[in-house]
Amino acid sequence: MLVAVAALLIPVVLIYLWFSRVPQPEVRAVDWQPVVAQARAEAPYRVAVPKDLPATWTAVRARWTPRGEPGLDQKPAIGNTFQLGFLTPDRVYIGLDQRDADPTGLIRDASRDGASDGESVLAGVPWQRFVSDDDRTRALVRSDPDSTVVISGDLPYEALEAFATTLG
């Protein structure tokens, strides 16, 4: 009797394990340096770019969209928009968005409608903090007369601050 039960359960368990496994999606790295060069050549503002990131970080998004050109949604870009995105070694996305128009819309989109959550001061420069309603996504925002920079991710503020200190 015990052998018969085992003979029935073992294949069921093996079938369950086989069909319930979830493979890790393949990460497609992008070459972000040409996009940075183009943005620096065309942007009317100083483009914020991370320096000396660890080799274990993978660039997965790099985009420069001049004002009026079609963006991801094929609508004309509101302003000159620069975007970079990286995966950390733990496969957590951290994004950098920079634009010279509609700072409120940029902050809303990058922070997932985040609410103000205080301030961080990095190298004497104030950055506004935002957190999404579900407390998952955080963002740091720095604005000047030329552009607004938003760093966002599902990470603690300390991780976003560390990334922000690499910007040059």
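The values are calculated or read from the model by the stated rules, or taken from the named source; none is laboratory data. Model, not experiment: these values are computed from the prediction. With ideal geometry, Cβ positions are generated from the backbone for all residues, glycine too; neighbour counts draw on all protein chains shown. Just the protein is used for accessible areas: all its heavy atoms, side chains included, with ligands, DNA and RNA removed. Shrake-Rupley method; radii C 1.70, N 1.55, O 1.52, S 1.80 Å.
Among residues belonging to segment 138-161 that are over 15 Å from Arg91 (Cα atoms) and among the polar types (S, T, N, Q), point out the one that is surrounded by the fewest Cβ atoms within 10 Å (Cβ to Cβ). Taking the candidates together, the pick is Ser143.
Among the candidates Arg129, Arg112, which residue alone is without any contact (Cβ under 8 Å) to a residue 60 or more places away in the chain and part of a strand (DSSP E or B)?
Testing whether each residue is without any contact (Cβ under 8 Å) to a residue 60 or more places away in the chain and part of a strand (DSSP E or B) leaves just Arg129.
Under the condition of being charged (D, E, K, R) and either closer than 16 Å to Val49 by Cα or modelled with pLDDT of 95 or more (or both), the residues counted in segment 81-101 number 3.
If you check Ile107, Ile94 for being open to solvent by less than 60 Å² (accessible area, probe 1.4 Å), of a type in the set (A, V, I, L, M, F, W, C), in contact (Cβ under 8 Å) with a residue 40 or more places away in the chain and assigned to a strand (DSSP E or B), only one passes: Ile94. Restricting attention to segment 35-79, the residues being in contact (Cβ under 8 Å) with a residue 12 or more places away in the chain, more than 19 Å from Tyr93 (Cα to Cα) and part of a strand (DSSP E or B) number 1.
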